[in-house]
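Note sheet for the following structure.
The values are calculated or read from the model by the stated rules, or taken from the named source; none is laboratory data. For clarity, every value in this text was computed on a predicted model and none was experimentally measured. As a convention, Cβ positions derive from the backbone with ideal geometry for all residues, glycine included, and neighbour counts pool all protein chains shown. Protein only, heavy atoms only, side chains kept; ligands, DNA and RNA dropped before computing areas. Shrake-Rupley method; radii C 1.70, N 1.55, O 1.52, S 1.80 Å.
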Amino acid sequence: MGVFVFLPLVLPLTAWPIARLAEQHLHPRVATRLLTGVAGVMALCSTVCLGLLMVVGTAQLPGNPLPDGWSDPEVRAAVPQDEVAGKLAIPALLVVAVACGRLLWRHRTVRRRAHRALAGLPGTGVAVLPDDTPYAYALPGGGDRTGRVVVTTGLLSGLRPAERRALFAHERAHLSARHHRFLLVVQLAARANPFLRPLRTAVSYTAERWADEEAARAVGDRRVVARAIGKAALVS
């Protein structure tokens with residue numbers, strides 16, 4: 001085996017060309033799903049690899065509570081510098097656990113705060129905030145199963161009626177396709193293995209393109225969607 005035991009740790013280096021090919025040649029819906037799946041599998045494999053290196057390299061060290069049988073001599077012989085690799089795997093796993101835990105905690109906290117901020121508003125699919133600052137976002141979950149579209153009066157005042165419909169269609173596409181789940185998976189993957197960060201960036205891009213395509217299909221005019229998204233980006 002030799003150095004090939006470390007392959008799951010460095011295979012995510014292929015994330016950049018994979019992301020580029022998917023962005024350029026696949027429909028954004030397919031690209032989002034494919035890249036998310038690749039990121040999740042690679043992150044899981046690299047984390048499992050760290051765990052196995054830790055077990056193999058440290059099971060027979062003095063004071064280690066793991067059974068000696070978990071570190072077979074033949075397996076240790078197949079791992080270059082098994083004790084060094086096992087010791088390095090311990091802090092690496094701790095970093096992965098802390099980084100992923102902090103992300104999940106922050107993700108949950110932000111969503112709970114957003115839902116509390118909208119608690120006094122009517123429970124409709126669109127929540128309009130009386131705020132001059134122009135912004136809009138899709139808030140998953142909440143009072144209904146599909147979530148809510150949150151938009152401010154500052155943004156709506158700068159859009160024409162057709163552009164408003166396009167904006168709402170874009171945000172509803174994020175909710176109906178559960179884009180927040182894809183984004184959460186790739187964010188966790190990027191924290192589990194930094195080499196997967198290109199996939200996180202790519203999925204953010206393809207998810208937006210997916211929402212644009214769905215909005216164009218709903219509105220029936222790509223130019224209106226482009227103007228609405230462009231105006232929202234410029235004034236935000």
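Quick one: is Arg106 assigned to a helix (DSSP H, G or I), at pLDDT 95 or above and within 25 Å of Arg33 (Cα to Cα)? Judged against the criteria, Arg106 is a match. Residues in region 217-236 that are free of Cβ contacts under 8 Å to residues at least 24 places away in the same chain and more than 22 Å from the chain's Cα centre (by Cα): 7 in all. Residues in region 83-96 include at least one that is modelled with pLDDT under 95, closer than 26 Å to Leu7 by Cβ, open to solvent by less than 30 Å² (accessible area, probe 1.4 Å) and not aliphatic (A, V, I, L, M). Residues in region 189-224 that are surrounded by fewer than 17 Cβ atoms within 10 Å (Cβ to Cβ) and in a loop (DSSP other than H, G, I, E, B): Gly220, Asp221. Restricting Ala228, Ala232 to residues that are touching a Pro at 6+ places or on another chain (Cβ under 8 Å), crowded, with 18+ Cβ neighbours inside 10 Å and at pLDDT below 90 narrows the list to Ala232. The residue of region 99-110 that is farthest from Val56 (Cα to Cα), among those that are in contact with a helix residue (DSSP H, G or I) (Cβ under 9 Å, 6 or more places away or on another chain) and open to solvent by 40 Å² or more (accessible area, probe 1.4 Å), is His107. The strands (runs of 3 or more DSSP E) found entirely in region 110-188 that carry 3 or more residues being over 20 Å from Glu208 (Cβ atoms) and without any contact (Cβ under 8 Å) to a residue 40 or more places away in the chain are 126-129.
One residue stands out in region 125-153 among those that are of a type in the set (Val, Ile, Thr) and either touching a strand residue (DSSP E or B) at 6+ places or on another chain (Cβ under 7 Å) or open to solvent by less than 70 Å² (accessible area, probe 1.4 Å) (or both): the one that is farthest from Arg165 (Cα to Cα), namely Thr133.
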